[in-house]
Amino acid sequence: MTDPIVVLDEVSYVYQGADEAAIENISLRVMPGEYVAILGLNGAGKTTLGLTLNGVVPTMLGGELQGSVHVAGLNVADYAVREMAKVVGIVFDNPEFQMSQQTVAEEVALGLENAGVPFEDMKVAIDRALGMVGLSGFEDRSPLRLSGGQQQRLAIASVLAMRPQVLIMDEPTSNLDPIGKSEVFAMAGHLNRDEGMTIIVMEHEVEVMAEFADRIIVMDHGRIVMNGSPREVLTRVDELEALGLRAPASAELASLLEKDHGAWTGPLPITTEEAVESVNRALGVTT
Amino acid sequence: MSDSSGPLISVRDARYVYATGNVIALDSVNLTVHEGEIVGIIGQNGSGKTTLTKLLNGLLKPTSGHVVVNGADTAKHTVQQMASHIGYVFQNPNHQLFARTVTAELEFGPRNIGVPADEIAERVAKARDFFGLADYMDEHPYRVSFPIRKLVGIASIVTMAPRIIVLDEPSTGQDHRTTQVINDLIRRLRSEGTTVICVSHDMPLLADVVERVVVMKSATVIADASPREVFADAELMARTNLRAPQITQISLRTVVPQGGDVALGVPELADQISSWRSRQSDRREVRP
């Protein structure tokens, strides 16, 4: 049997100077090649959880971590953050803040230089990473002249160049326009399906996650409160609402029909396609 | 002052060309907004949305054409003078906030326009409660999280009680709970008669709160209609690479082909499906 690639055992963490734990008693396993979405209100602990995987928490931010975190068999506590960057890549919501170089190729090279990759190996690594995010041919462009979606894909290429086994995307599209959002999620879907990349994404847009994720984790006040397939989690309409979150509109629709109108039987749809099919069936329309 | 029967905002043949690189950011844009209207502006980044809103508060002056807001021609007024007519909430609160505490930030605007002290205190307390900022009032605005800082940016304009408020992407980075606060805010502003211009990629938010949607593409306005008409126009959505809210998409492929109406929200579509089903079963019962 395959070993999980991410293993957290009873992990709790208190930021330096904070009174309360940012994450509390988190135990979690992620299998290689899984696409996991983490939902939760701002402040629920999603970002902190991500930062425990590359060691920024607690190595760079101090504070107190309890429990153990293993990624790809490595005990994160034993490695420097720059070593962990070869195993776990993280991108955030503000790609333009991550851009500092004159050209796209130099931007990707920067991380490789920091990781001590020999110069002669760099071109291959850069070509490969830009190819993975669909930016081949953009090598000599200025990062600042890229669209928002292209900038975020470049930020992702910069971490992919280190050949990580896990890619964490923390609200990767919240500053992007609709085209940029689709670009990034389509690219992440391709990395996951075709390259077997393990993906962990923190995201507010449930409709998008219902389409892409294999598993949904819901966090609340630093704890994991739901953990299951998109169907198991995203159909718990009332519980999500009680947490200040929401289910996909398709599930909310079916749930309302079930409760107020007695006009729904069967499972709640979590995607547009499922909803169209089951609503048309309920209407007695054959399509 | 403005003519009470005329439009509150009037943009006539506005063109804006950025000095660097001859980029035409706006071309022949016409837009009329009446007092109390709640208008959404949608389009991809680079389509001209933010340039248009910056013309409204005078931050940018049209290269040609006219922009008149609340009777004031923006070409003849400074941004400071325009600020008494129109409040502008930036997408990035870091471009807007500068005070030492959240309280001071919320007090600054109304004090600057001469609101009496007791009235300021009242407005700040109201904004604190409305935006859920009680825990942060003594904090430095840069010490609070980005989503909270965004709410502070919105609240600091709301306390000025301007006649027109421009919100640029108010819900980015917000979770469902704080997006709901923004939704409630726009409803409150509407009930108070404030005119709201909301630039957003958040289609469900717009479907919920605006009465009119202006669609921009390649520096021009290509549609200006109710959200129902805009989101039902599949060709328009495809041409602008925008996606209607999920509920609208479902309604277009279920009840609409059966003669039902385009739905914008969950309760509305549930009602339609439910009544369609009962009509169906009635029909079945009368059949011999």
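Derivation of every value follows stated rules applied to the coordinates shown; laboratory data play no part. Given the structure is predicted, the values throughout are model-derived calculations rather than measurements. So basically every Cβ, Gly included, is an ideal-geometry build from the backbone, and we count neighbours across all protein chains shown.
Mind pulling the angle between the C-alpha long axis of helix B:102-112 and the longest principal axis of chain B? Nearest 10 degrees, somewhere in 0 to 90. Taking the Cα atoms of chain B, the angle to B:102-112 is about 70 degrees. For B:Ala223, nonlocal amide neighbours, meaning residues 5 or more places apart or on other chains whose placed amide H falls under 5 Å from its own, are B:Val215.
Could you list the square roots of 5 times each eigenvalue of the Cα gyration tensor of region B:9-241, that is, the equivalent ellipsoid semi-axes, sorted largest first and rounded to whole Å? Mind showing how you got there, number by number?
Numbers: eigenvalues 166, 86, 52 Å².
Here the semi-axes work out to 29, 21, 16 Å.
Can you give the helix-only mean residue ellipticity at 222 nm for chain A, where every DSSP H stretch with n ≥ 4 adds -39500 (n - 2.57) and the sum goes over all residues, rounded to the nearest 500 deg cm²/dmol? Numbers along the way, then the final one.
Values: 11 runs with 110 residues, N = 287.
Result for chain A: -11000 deg cm²/dmol, rounded to the nearest 500.
Phi angles across region B:45-53 convert, under the Karplus curve 6.51 cos²θ - 1.76 cosθ + 1.60 with θ = phi - 60°, into 3J(HN,Hα) values of 4, x, 7, x, 4, 5, 4, 4, 5 Hz, Gly and Pro given as x. Taking amide hydrogens as placed 1.01 Å from N in the peptide plane, the amide H of B:Ser200 sits under 5 Å from those of B:Ile41, B:Glu169, each at least 5 positions away in sequence or on another chain.
Would you please classify the overall shape of region B:124-168 from the alpha carbon gyration tensor, given that a ≥ b ≥ c denote the square roots of the eigenvalues, rounded means a/c under 1.5, and beyond that prolate means a/b larger than b/c while oblate covers the rest? It comes out oblate by the Cα gyration axes. In terms of other Cβ atoms within 10 Å, A:Leu49, A:Leu283 run from fewest to most in the order A:Leu283, A:Leu49.
Extending 7 Å from the Cα toward the beta-carbon at both A:Leu110 and A:His261 defines two label points whose distance is 5.3 nm.
For a Förster distance of 41 Å, can you work out the FRET efficiency between the beta-carbons of A:Ala186 and B:Asp129, rounded to the nearest 0.05? Before the final figure, lay out each step's value.
Working: r = 42 Å, r/R0 = 1.03.
Taking R0 as 41 Å, the efficiency between A:Ala186 and B:Asp129 is 0.45.
The loop-placed GluC sites (Glu not before Pro) in region A:101-164, going by DSSP, include none that has at most 13 neighbouring Cβ atoms within 10 Å of its Cβ.
Out of every Cα-Cα pair in region A:248-287, what percent are more than 15 Å apart? Counting pairs separated by more than 15 Å, the tail of P(r) holds 32 percent.
Which of A:Ile200, B:Ile222, A:Ile26 comes first, and how do the rest follow, when ranked by fewest Cβ neighbours within 10 Å? Write down the numbers at each step before the final one.
Values: A:Ile200 26, B:Ile222 14, A:Ile26 23.
Lowest count first: B:Ile222, A:Ile26, A:Ile200.
Computed from phi, the 3J(HN,Hα) profile of region A:82-94 under the Karplus parametrisation 6.51, -1.76, 1.60 (θ = phi - 60°) reads 5, 6, 5, 4, 7, 10, 10, x, 10, 10, 10, 7, 10 Hz, with x in place of Gly and Pro. With 0.36 nm allotted per residue and the present C-alpha distance subtracted, the A:Asp140-A:Asn25 stretch has 36.7 nm of extension available. Across chain B, the mean sequence separation of Cα contacts (distance under 8 Å, 6 or more residues apart), normalised by length, yields a relative contact order of 20 percent. According to the square roots a ≥ b ≥ c of the eigenvalues of the Cα gyration tensor, what is the shape class of chain A, taking rounded for a/c under 1.5, prolate for a/b larger than b/c otherwise, and oblate for the remainder? The shape class here is oblate. Between 0 and 90 degrees, rounded to the nearest ten: what's the tilt of helix B:266-286 against the longest Cα principal axis of chain B? The angle comes out near 10 degrees.
Give the percent of DSSP beta bridges with both residues in the protein assembly as shown that are antiparallel, rounded to the nearest 5. Mind showing how you got there, number by number?
Working: 38 of 72 bridges.
Roughly 55 percent of the DSSP beta bridges within the protein assembly as shown come out antiparallel.
For B:Arg279 and B:Arg12 in the same chain, what is the full-extension length gain: residue separation times 0.36 nm, less their Cα-Cα distance, in nm? List each step's numbers first, then the result.
Values: separation 267, 0.36 × 267 = 96.12 nm, distance 4.96 nm.
So the extension gain works out to 91.2 nm.
Less than 5 angstrom separates the built amide H of A:Val201 from those of A:Val36, A:Ala37, A:Ile38, A:Met169, all sequence-distant by 5 or more or on a different chain.
Per-residue 3J(HN,Hα) values for region A:138-147, derived from phi via the Karplus relation 6.51 cos²θ - 1.76 cosθ + 1.60 with θ = phi - 60°, read 9, 3, 9, 6, 7, x, 6, 9, 7, 5 Hz in sequence order (x marks Gly and Pro). Structural descriptor for chain A: relative contact order 21 percent, calculated from alpha carbon pairs under 8 angstrom and at least 6 residues apart. Close Lys pairs in region B:9-241, defined as Cα atoms under 24 Å apart and 8 or more places apart or on different chains, number 10.
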